[in-house]
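Remarks on the structure that follows.
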Amino acid sequence: MKKQKAIQAIEQEGILLVYPIKNSPEPDSLWAHLWPRSKMVWEWDADADHKVSDLWLLKEELSRSNKVVYAKWYQNRATFFSKEAFVHMLAYQRSERPFSHESQTILEALEMDSPLSTKQLKEIAELQGRSLEALYNRAMKALWQKLVIVAYGEIEDSSFPSTAVGATKTLFEPLWEQAQNITPEAAEKYLLKKLGADNKFWKFAKKIKSQ
């Protein structure tokens, strides 16, 4: 029931955060659609609201459902896209600008083998250890923002499950190919109509594109 309602909300809105930012109504979130009258309190102890953990589990299930697409996109936060919105955002963000060496190394690894865990990616890119954490995060952020990578479930590779990351081109090849056939201008027209000029997701997309 919750899964179907979540998918319908994502398809209706195009883009949704998983959790709201400081309980603000904007940008829109999955939480707000599933529990519109509930304030979110980020707690994980025994007395915590089960909705927070329920949504965490639902997020993981939805990310590998192939019905919607999940990426750490808006301000590096958990974000869901409808397939249509994702294809157009991917087309809109398409750029000839090269990625950094670290980003490119990670992307090439994922295009050959997806999904992989954080631990595996750090080993491949030789970015292990606390001193290289910031460099790894920057490399990943660039890939997330351009939507050339997506999250797809979780992988147990430490004491806490790690997000499984895959190349969009590998895990969602049909969507990747669709995006290649949409011009940035056509993508912008679609996104403006779907989201609206004042939408925070749209403003964030324009900011990324201009960087």
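For the reader, a short list of remarks on this structure follows.
- Set Ser131, Ser100, Ser95: member being of a type in the set (Gly, Ala, Ser), surrounded by fewer than 22 Cβ atoms within 10 Å (Cβ to Cβ) and within 21 Å of Trp202 (Cα to Cα): Ser95
- Taking every residue in segment 4-30 that is in a loop (DSSP other than H, G, I, E, B) and pairing it with any residue that is of a type in the set (Asp, Glu), at least 6 positions away or on another chain, the pairs with Cβ-Cβ distances below 7 Å are Asp28/Glu13.
- Among the residues of segment 191-208, the ones that are farther than 18 Å from Val68 by Cα and either more than 18 Å from the chain's Cα centre (by Cα) or among the basic types (Lys, Arg) (or both) come to 9 in all.
- All of Met112, Met89 fail the test of being over 17 Å from Arg138 (Cβ atoms) and surrounded by fewer than 15 Cβ atoms within 10 Å (Cβ to Cβ), apart from Met112.
- The set of residues from segment 57-106 being farther than 17 Å from Val18 by Cα, in contact (Cβ under 8 Å) with a residue 60 or more places away in the chain and among the acidic types (Asp, Glu) comprises just one member, Glu84.
- Residue tally, condition of a type outside the set (A, V, I, L, M, F, W, C), farther than 17 Å from Thr79 by Cα and out of contact with any Leu (no Cβ under 9 Å at 6 or more places or on another chain), over segment 138-169: 6
- Contacts under 8 angstrom Cβ, first residue in segment 119-138 being at pLDDT below 95, partner of a type in the set (Gly, Ala, Ser) and not in a helix (DSSP H, G or I), 6 or more apart: Lys119/Ser158; Lys119/Ser162
- From Trp42, Trp35, residue being loosely packed, with under 12 Cβ neighbours inside 10 Å and free of Cβ contacts under 8 Å to residues at least 60 places away in the same chain: Trp42
- Subset of segment 170-186 [in contact with a Leu (Cβ under 8 Å, 6 or more places away or on another chain) and under 18 Å from Glu11 (Cβ atoms)]: Leu175, Ala179
- Lys51 of a type in the set (Lys, Arg) and touching a Leu at 6+ places or on another chain (Cβ under 9 Å): yes
- Near pairs, Cβ below 8 angstrom, 6+ apart or cross-chain, from segment 189-206 (more than 16 Å from Leu17 (Cβ to Cβ)) to any residue that is of a type in the set (Ser, Thr, Tyr): Leu191/Tyr92
The values are calculated or read from the model by the stated rules, or taken from the named source; none is laboratory data. Please read these numbers as outputs of a predicted model, since none were measured by experiment. Every residue, glycine among them, receives a Cβ derived from its backbone with ideal geometry; neighbour counts consider all protein chains shown.
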